[in-house]
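The values are calculated or read from the model by the stated rules, or taken from the named source; none is laboratory data. Keep in mind that what you see is a predicted model, and the values were worked out from it rather than measured. Cβ placement follows ideal geometry from the backbone for every residue including glycine, while neighbour counts extend to all protein chains displayed. With ligands, DNA and RNA removed, areas are computed over all heavy atoms of the protein, side chains included. Shrake-Rupley method; radii C 1.70, N 1.55, O 1.52, S 1.80 Å.
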Amino acid sequence: MMEYAIKLLEKEREMVMTALKNGEQERLRDLQQIDKAIGWLRLIQDNHLDKAGNYHLDALPYIEGYGGFTYYRIMIDKETDHTEDWEEYKKQDGEHYQLSLGDFLLVRK
């Protein structure tokens, strides 16, 4: 899915590494950017994400009036508005997500 773009960046990475070995230290920033881009592309590929335009990224805001140690939780609403019937979502390992200020939600449009 992203293999072509990753391979292009890996080839560019090899050229940057050669330049660095030849003393072109100003290319260090290029290497860091390439490594970051490859990491993101692999994340996209591994999670089978589609075009960026099909998603919206939302940063979770500070929860006003509840202090800095309050967490967001993901609930399964069981198709009811009665919150007492809701169940907290658990990951495969049985742990709950503890989302907080600065975490992001990736929402499919």
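Here are some notes:
- Extreme residue, farthest from LEU106 (Cα to Cα), among residues of segment 13-46 that are surrounded by 16 or more Cβ atoms within 10 Å (Cβ to Cβ) and of a type outside the set (A, V, I, L, M): ARG27
- Sole exception among (1) surrounded by 13 or more Cβ atoms within 10 Å (Cβ to Cβ); (2) without any contact (Cβ under 8 Å) to a residue 40 or more places away in the chain for LYS51, by number: (1)
- Sub-6 Å Cβ pairs linking a first residue in segment 17-45 that is at pLDDT below 95 to a second residue that is in a helix (DSSP H, G or I) and open to solvent by less than 80 Å² (accessible area, probe 1.4 Å), at least 6 apart or interchain, number zero.
- Within segment 93-109, residues that are without any contact (Cβ under 8 Å) to a residue 24 or more places away in the chain and of a type outside the set (A, V, I, L, M, F, W, C) sit with their Cβ atoms under 7 Å from residues that are surrounded by fewer than 13 Cβ atoms within 10 Å (Cβ to Cβ) and not in a loop (DSSP other than H, G, I, E, B), at 6+ positions apart or across chains, in these pairs: HIS96/GLU88; HIS96/LYS90.
- Among residues of segment 55-75, those that are surrounded by 10 or more Cβ atoms within 10 Å (Cβ to Cβ) and under 16 Å from LEU105 (Cα atoms), counted: 11
- Pairs are defined by a Cβ separation below 9 Å, a sequence spacing of at least 6 or placement on different chains, a first member in segment 59-73 that is closer than 10 Å to ASP103 by Cα, and a second member that is of a type in the set (Gly, Ala, Ser); the pairs so defined are ALA59/GLY102; LEU60/SER100; LEU60/GLY102; TYR72/SER100.
- Flag if GLY53 is out of contact with any Ser or Thr (no Cβ under 8 Å at 6 or more places or on another chain), farther than 19 Å from LYS7 by Cα and in a loop (DSSP other than H, G, I, E, B): no
- In segment 76-109, of all residues being more than 29 Å from ILE44 (Cα to Cα) and not in a loop (DSSP other than H, G, I, E, B), the one that is most open to solvent (accessible area, probe 1.4 Å) corresponds to GLU84.
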